[in-house]
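Quick notes on the structure that follows.
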Amino acid sequence: MIKVRNLTKTYVRNKALDNISFTLEEGDILGFLGPNGAGKSTTMNIITGYLSGDEGTVEIDGTDIMEAPEKAKKKIGYLPEQPPLYNDMTVGKYLEFMFRLKKVRLPMKEHIDKICEMVKISDVKGRIIKHLSKGYRQRVGLAQALIGDPPVLILDEPTVGLDPQQIIEIRKLIRELGKEHTIILSSHVLSEVQAVCDKIVIINHGKIAARGLTQEMTRTGGSTNRLDLIIEGRKTAVLSLLKKIDGVTEVTEKGESEKGCYEYTVTSTRDIRRLVFRAVAKTDFNILSMEPVGVSLEDTYLDIISGKTEEESENVGNI
Ligand code: ADP
Ligand code: MG
C-alpha cells in the first residue's frame, strides 16, 4: 500500500534523511518512532507530497507521489504536526471548506456528518475552532484528514500536547480507524506506539535504527538473555558459581529478599536456564525463583537514542 524507497533529504548542510526505506501492506498501522529531530516529520512531508526528497521514491497504492501527485494525494489523509486549521471558522464551515478544496465527489453534508460522528465532534460543529480545547482541535484535524475517504492516513505526533484522558481517546479512535485504513503514526513515545501500532520503525539521525512487528520486538528474548533469580545460599559462593556458567556475561546481586536468600540478575549470550539449574543442583543451595526477563523494547529504544546502537544490523523483514 505504501512503498518508501531510499529517501534522502538534506536541508542546507543538515542531512535530515539518509536512505529511508520501508513497506506497508494494506491495513497496517505503523508506528514511526524516534526522538525529536530524528526526521519523522520530514519523512511524512515527503510521503504526503508536501516536500520533495533529494533522492528516493514513494508509492501510494501503486501511484508515485512525485510523478502523479494529485492522484496519489487523493489516497492520503494527512494530519501534520501543526494541523491546518482556520481558527476563526466554525468546525462545520471549515470541514465544508476542506471538502471543496479537496474536490471530493461525495454528497457533502452526509459525508461530513459521518466523519463528525466518527471522530465525535458532532456536538461542536457550530463552534469557532479557536474556542475549542486542544483535544477537540486535534479531532477536527483528524476529521479534515478523513475527508474524501482516503485509504491511507498519515498522522504526525497526533497526541502531542493532549492531556492523559484526551490521549486515551485519540488512541482509541486511531485503533478504530486502523480497521479500515492503512496508517502511519509518528511519535517520540514508545508506549504510545506499542499501544496502537502493529509494526514499528525506529528512526534516529535520519536513519532507520530498528524495525519489526510490535509483538516480536516487545517479546522477551533476542540475542541477549537476562534471568532474574532468587537463590538461597551464601552470596559470594553463589556469585562465583553463576559467573562460571558458560555464556554468562554479567551477574549482579540485588539484595537479600528473605533471610539467607539473594536476588540476582544474570545476563548471558544464550539461554542458560538449564545450566543454572544443574549448576545449583550440584551444591546445597536452592533456586527459589527463576524468571527470564529478556531485553525490553524500551532498552532497545534507549540504546538507540543514547547512541549505543547506530544503524540496524541487517535489513530484515518486509517493513
Ligand atoms: P522530527 O519530526 O523527527 O522531530 P524533523 O523531520 O522535523 O524531525 O527534523 C529532522 C532534522 O531536520 C532536524 O535536525 C531538524 O532540525 C531539521 N529540519 C527540519 N525542518 C527543517 C527546515 N525546514 N530547514 C532546515 N532544517 C530542518
Ligand atoms: Mg516532527
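Among the trypsin sites (Lys or Arg not before Pro) in the range 42-107, those located in a DSSP loop and surrounded by at most 12 other Cβ atoms within 10 Å of their own Cβ are K103, R105. Given a Förster distance of 45 angstrom, what is the FRET efficiency for R274 paired with L302, based on the Cβ-Cβ distance and rounded to 0.05? It comes to 0.90. Bridges between two residues of the range 1-153, per DSSP, are antiparallel at a rate of about 90%. Determine the alpha carbon to alpha carbon distance for each of K71/K125; K3/K179; K125/K172; K9/K103; K102/K125; K120/K179 and list only those over 23 Å. The answer is K71/K125; K9/K103. Counting only DSSP beta bridges whose two residues both lie in the range 90-238, roughly 60 percent are antiparallel.
Other residues within the sphere of radius under 10 Å centred on the Cβ of K40, judged by their own Cβ, net out at -3 (K and R +1, D and E -1).
Rounded to the nearest whole Hz, the Karplus-based 3J(HN,Hα) values (6.51 cos²θ - 1.76 cosθ + 1.60, θ = phi - 60°) of the range 3-18 follow the sequence 10, 10, 10, 6, 5, 9, 8, 10, 9, 6, 9, 9, 7, 7, 10, 10, with x at glycine and proline.
The residues packed around P151, meaning those with a beta-carbon under 9 Å from its beta-carbon, carry a net charge of -3 if Lys and Arg are +1 and Asp and Glu are -1.
All other residues with a Cβ under 11 Å from the Cβ of K74 taken together, and with Lys, Arg as +1 and Asp, Glu as -1, what is their net charge? Cβ neighbours under 11 Å give a net charge of +3. For the range 147-183, the list of trypsin sites (Lys or Arg not before Pro) that fall in a loop by DSSP and count at most 16 other C-beta atoms within 10 angstrom reads K179. Within the chain, DSSP assigns beta bridges of which about 70% are antiparallel (rounded to the nearest 5).
Annotation: the chain has a Kirkwood hydrodynamic radius of 22.3 angstrom, from the mean reciprocal C-alpha pair distance.
From helices alone, the chain scores -9000 deg cm²/dmol at 222 nm; the rule is -39500 (n - 2.57) for each run of n ≥ 4 DSSP H residues, then divide by the residue total. Take the chain and mark each of the chymotrypsin sites (Phe, Trp or Tyr not before Pro) that is in a DSSP loop with at most 15 other Cβ atoms within 10 Å; the longest unmarked stretch, sites excluded, is 87-319.
Give me the compactness ratio for the range 1-136, meaning the Cα radius of gyration over 2.2 N^0.38 Å.
1.21
Each reported figure results from applying straightforward, stated rules to the coordinates on display, with no laboratory input. Please read all numbers here as calculations on a predicted model, not as lab measurements. Neighbour counts are summed over all protein chains in view; Cβ atoms, including those assigned to glycine, are modelled from backbone coordinates with ideal geometry.
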